[in-house]
Structures are given as structure tokens and as C-alpha cells.
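Heads up: the structure comes next, in C-alpha cells.
The values are calculated or read from the model by the stated rules, or taken from the named source; none is laboratory data. Everything quoted here is computed from the prediction, not taken from an experiment. A quick note on method: Cβ atoms are made from the backbone with ideal geometry, for glycine too, and the neighbour counts reach across all protein chains shown. Calculation scope for accessible area: heavy atoms of the full protein, side chains included, ligands and nucleic acids excluded. Shrake-Rupley method; radii C 1.70, N 1.55, O 1.52, S 1.80 Å.
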Amino acid sequence: MSVLVVGSIALDSVATPFGETADAPGGSAVFFAAAGCLLHPVQVVGVIGSDYPLGVLKQLEARGVDLAGVEQVQGESFRWKAKYSYDLASRETLDTRLGVFAHFRPKIPDKFKQARYVFLGNIDPGLQLGVLDQVTHPALTACDTMNYWINSKRELLLELLRHIDLLMVNDTEARELSSDWNIYRAAHWILERGPKRVIIKQGEHGALLVDAKSTFKVPAYPLQEVFDPTGAGDAFAGGFMAYIASVNDHSDAVLRRAMVYGAALGSFAVEAFGIQGLDKVTPADIRARVRAFKDLVHFDLD
Ligand code: AMP
């Protein structure tokens with residue numbers, strides 16, 4: 001029961017108060033795959049330029065990531081540069097160089113077309129719709145987006161919402177999309193436009209899973225050291241979708257548990273720069289962190 005991700009494969013240069021990286025492997029598909037493969041095999045569709053360090057992708061391959069959908073073309077890889085504020089709560093994008101990503105037209109290899117669980121990383125909503133046309137019978141389709149598309153391709157994004165099961169965005173994006181500052185009203189605004197469920201990521205405050213009848217909240221793991229928040233959302237998505245694929249069930253109870261797996265994988269991702277935080281995570285580490293979440297929110301009624 002495979003999980004497919006389509007998204008960016010990037011070289012990130014990130015500065016936080018604790019250090020910086022230059023041209024470190026990242027991008028939504030890479031963070032998703034590095035987290036997801038710890039729970040279930042992941043299939044990746046994306047594009048890289050002639051300068052991308054293939055060793056990193058080979059390491060992912062050795063961990064159960066199928067790269068048959070990664071196309072290497074002549075030219076520069078997608079590069080993204082950002083700087084975080086002192087409290088890591090906000091960041092400024094300093095540079096985005098699309099390179100070969102500018103001409104990315106996702107082509108799903110035949111062997112990926114039957115993927116049951118599909119995640120559309122943050123790319124042009126027109127391309128996200130194009131991916132949906134290529135997958136034959138997904139059980140659950142989820143997608144991410146960002147302020148850039150909310151502002152520049154709003155109509156296409158609203159069309160996409162009519163065709164997906166779950167939208168996963170952060171709180172700022174939910175507010176921008178709905179033009180409503182209240183996060184719960186914003187979630188219901190989104191639900192009225194198509195998806196049966198919406199996940200709203202709230203950074204260090206955790207994440208919400210909202211459907212028409214209920215709201216579920218997972219906190220963020222109380223880490224005492226956070227080095228680099230980049231990719232936390234994509235690692236969350238990877239953990240969430242891969243857990244669902246691993247049990248091949250997307251009932252309400254499983255989705256709630258998947259939120260905890262997502263939060264656990266997101267927390268590993270931010271403990272080091274780039275994808276390094278996910279490099280050495282073991283199944284026992286994941287189990288321990290999931291259990292810690294249970295303790296974190298457990299209480300007895302009086
Ligand atoms: P997140 O921290 O979850 O927002 O994801 C950060 C990742 O998104 C970085 O690894 C970037 O390479 C990637 N990224 C940044 N801007 C874009 C964009 N315009 N399109 C696709 N991916 C992007």
C-alpha cells in the first residue's frame with residue numbers, strides 16, 4: 001500500500017540563531033520521504049538539476065524510498081535561502097531560485113499510478129491537479145500549499161480543493177485562504193469548499209485535525225533544543241501519510257493516531273539542520289516519542 005509524494009527537491013541555505021547550512025538537501029518531497037520512510041516505503045516524483053548531490057538520494061533509496069519518479073535534467077537545481085528569527089517563530093525567504101523546477105511537469109511513472117495514499121507537496125495547484133489526473137484509484141489524497149499560490153492562483157487552488165480529501169496548511173495559510181483570523185472558522189471555511197478534513201499546523205503549538213463534526217488537537221513535542229524548523233511541516237506530512245499507509249486504514253481513529261506520528265516525525269526533523277535530524281531515528285525512538293505524546297495529554301476525569 002504505497003504512499004506517493006510529489007514536491008520540491010531542493011538545496012537549502014538556512015540560517016538560524018544556532019548556525020547555518022549552505023546547499024543542504026531539502027525540499028518538501030525530501031523532508032516528506034526522509035520522515036515517511038521510517039514508517040513505510042515512499043515513492044517520490046520530482047526534478048533535480050545536474051548539480052544535485054546524488055549520494056543523499058541514494059541514502060534515501062537504501063531506506064526504502066523509490067526514486068523512479070525523480071527526473072534529472074540539465075541545469076541548476078531548485079535553491080531556497082531563508083533566515084529565521086531569534087525565537088524561530090518566523091522566517092524570511094531571502095532567495096528562491098527555481099532553476100529546473102520552473103519547468104517541472106510531474107509525470108507519474110506507471111508503477112506509481114496505483115498509489116493508494118497521495119501527498120501533493122507545495123507546487124502550482126495546476127500541477128497538483130495534473131497529478132490527480134494521473135493516479136488511478138487513490139484511497140486518500142492530501143495536499144499542501146503556500147501563500148504564493150493562495151494569492152496568485154486562487155481560482156485553481158479552489159478547484160483543487162474540490163478534488164482532494166484533505167488539505168494540510170499552516171495557521172497563516174488557513175487565515176489567508178479564508179480571510180478569517182479565527183483558525184476554527186477558517187478550518188470550516190475550507191471544509192465547505194471540498195475537502196472532508198483539514199489539518200492546520202501551528203508550529204510549536206502542535207496541529208489540529210478538523211472535520212465537519214469534530215476537532216482533534218495534537219501538541220508539539222516539548223523539545224528543549226530546536227535547531228532548524230525547516231521542513232517540520234513536510235516531515236509531519238510524511239509521518240502522517242506513511243503511518244496511514246502502513247496500516248492501510250484511514251478511519252477517524254487511525255487519522256488521530258497518524259497526527260501523533262506526524263508530530264513525532266516533525267519533532268525529530270527540527271532537532272538538527274536539514275534532514276539530518278531524521279537520519280538516525282530508529283523504530284524504537286519513534287515508539288518512545290509516540291508514547292511520550294500519550295503521557296503528555298493524558299489525564300483522569302474527577
Ligand atoms: P517548510 O519548512 O515545511 O515550509 O518547508 C521548507 C521546504 O520547502 C524547504 O526545504 C524548501 O526547499 C521548500 N520550499 C521553499 N519554497 C518553496 C517553493 N516555492 N516551492 C516548493 N518548495 C519550496
Matching entry among Gln74, Gln134 (being more than 12 Å from the ligand (Cβ to nearest atom) and within 22 Å of Pro53 (Cβ to Cβ)): Gln74
Flagged pairs (Cβ under 8 angstrom, 6 or more apart or on separate chains; first in the stretch 82-100, in a helix (DSSP H, G or I); second charged (D, E, K, R)) are Gly99/Glu76; Gly99/Arg79; Val100/Glu76
Looking at Val254, Val270, Val260, which is the one that is of a type in the set (A, V, I, L, M, F, W, C), within 24 Å of Val6 (Cα to Cα), open to solvent by 20 Å² or more (accessible area, probe 1.4 Å) and without any contact (Cβ under 8 Å) to a residue 60 or more places away in the chain? Val260
Exactly one condition in (1) more than 16 Å from the ligand (Cβ to nearest atom); (2) open to solvent by 30 Å² or more (accessible area, probe 1.4 Å); (3) at pLDDT below 95 is false for Ala89; which is it? (1)
List pairs: first in the stretch 273-302 and loosely packed, with under 12 Cβ neighbours inside 10 Å, second of a type outside the set (S, T, N, Q) and not in a helix (DSSP H, G or I), Cβ under 7 Å, 6+ apart or cross-chain? Val297/Pro219
